[in-house]
Amino acid sequence: MEHGDFIGQLAQFGTVSGIDEVRTELQNLAGSLVSNQALQAASMIGRSVLVPAGQAELAEGGTIEGAVELGGPVTNLNIGIYDQSGQLIRNISLGSQSPGTAAFSWDGLATDGSAVPPGRFFVRAEATSGGINEAYDVLIADQVRSVSLPSGGQPLTLELAGLGTVDFSQVRHIS
């Protein structure tokens, strides 16, 4: 073997060795990130989160809390609470709102003031924006019961008390 070829092969061996070391370090970094994510996820248990949902669970004597994200100013923001058959149970008028998050709370009472039985209810938001009546996504507050760590490319998921399993990426607010 000639001297130049020998030096070229030594350089290739060094490159392959360096690539293998980089791969090992990236695997170590990925393991550290998963461990860090596990620690952060554990601190979420018992906290309240806001997630997009068209339904909410009303507990006995409880309330349903949520919010609507508004990209611009609106007039006549209304939150409609509907039973499983689609009947309007209560309309909550929030009036004119500035851009941002408009919070709401429903006390479990129907329009006539009577208490409704616990169960699952649909929640819809509508408002007038620029003279046009539009529907808006509703964010529902729910408590985190457990956290599932990702494996095999799956996302981090949260098990919520009333809404079930949601991807962590859907969480808009943690309190």
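The values are calculated or read from the model by the stated rules, or taken from the named source; none is laboratory data. This is a predicted model, so every value here is computed, not measured. Heads up, the Cβs are rebuilt from the backbone with ideal geometry, glycines too, and the neighbour counts pull from every protein chain shown. Just so you know, the surface numbers come from the protein's heavy atoms only, side chains and all, with ligands and any DNA or RNA stripped out. Shrake-Rupley method; radii C 1.70, N 1.55, O 1.52, S 1.80 Å.
The C-beta contact set for segment 80-100 (first residue of a type in the set (F, W, Y), second residue modelled with pLDDT of 95 or more and open to solvent by 80 Å² or more (accessible area, probe 1.4 Å), distance under 9 angstrom, 6+ apart or interchain) comprises Y82/L88; Y82/R124.
For segment 130-147, which residues satisfy the criterion of being farther than 19 Å from G54 by Cα and within 25 Å of the chain's Cα centre (by Cα)? Of everything in segment 130-147, those that are farther than 19 Å from G54 by Cα and within 25 Å of the chain's Cα centre (by Cα) turn out to be R145, S146, V147. Scanning segment 42-93 for residues that are more than 17 Å from the chain's Cα centre (by Cα), part of a loop (DSSP other than H, G, I, E, B), under 19 Å from G119 (Cβ atoms) and small (G, A, S) yields A59, G61, G62, S85, G86.
Taking segment 43-79 as the range and being touching a Ser or Thr at 6+ places or on another chain (Cβ under 9 Å) and charged (D, E, K, R) as the test, the residues that pass are R47, E65, E69. Per the conditions (1) within 12 Å of V49 (Cα to Cα); (2) in contact with a Phe, Trp or Tyr (Cβ under 9 Å, 6 or more places away or on another chain); (3) open to solvent by 80 Å² or more (accessible area, probe 1.4 Å), the sole criterion not satisfied by S169 is (2). If you go through segment 54-82 and keep only what is closer than 24 Å to A110 by Cα, modelled with pLDDT of 95 or more and open to solvent by less than 40 Å² (accessible area, probe 1.4 Å), you end up with A56, L58, I64, G66, A67, V68, L77, I79, G80, I81. Within segment 1-8, identify whether any single residue is in contact with a helix residue (DSSP H, G or I) (Cβ under 9 Å, 6 or more places away or on another chain), farther than 25 Å from V144 by Cα and at pLDDT below 95, and answer yes or no. Checking segment 1-8: at least one residue is in contact with a helix residue (DSSP H, G or I) (Cβ under 9 Å, 6 or more places away or on another chain), farther than 25 Å from V144 by Cα and at pLDDT below 95. The residues listed here are I89, I45; of these, the one that is open to solvent by 60 Å² or more (accessible area, probe 1.4 Å), out of contact with any Gly (no Cβ under 8 Å at 6 or more places or on another chain) and under 21 Å from L163 (Cα atoms) is I45. Applying the criterion of being closer than 12 Å to L88 by Cβ and open to solvent by less than 20 Å² (accessible area, probe 1.4 Å) to the residues of segment 106-129, the residue that is nearest to the chain's Cα centre (by Cα) is V123. Of all the residues in segment 148-161, those that are in contact (Cβ under 8 Å) with a residue 40 or more places away in the chain and either open to solvent by 40 Å² or more (accessible area, probe 1.4 Å) or over 11 Å from V171 (Cβ atoms) (or both) number 3. In segment 94-105, the qualifying residues are those that are among the polar types (S, T, N, Q) and either assigned to a strand (DSSP E or B) or surrounded by 15 or more Cβ atoms within 10 Å (Cβ to Cβ) (or both), and the one that is nearest to the chain's Cα centre (by Cα) is T101.
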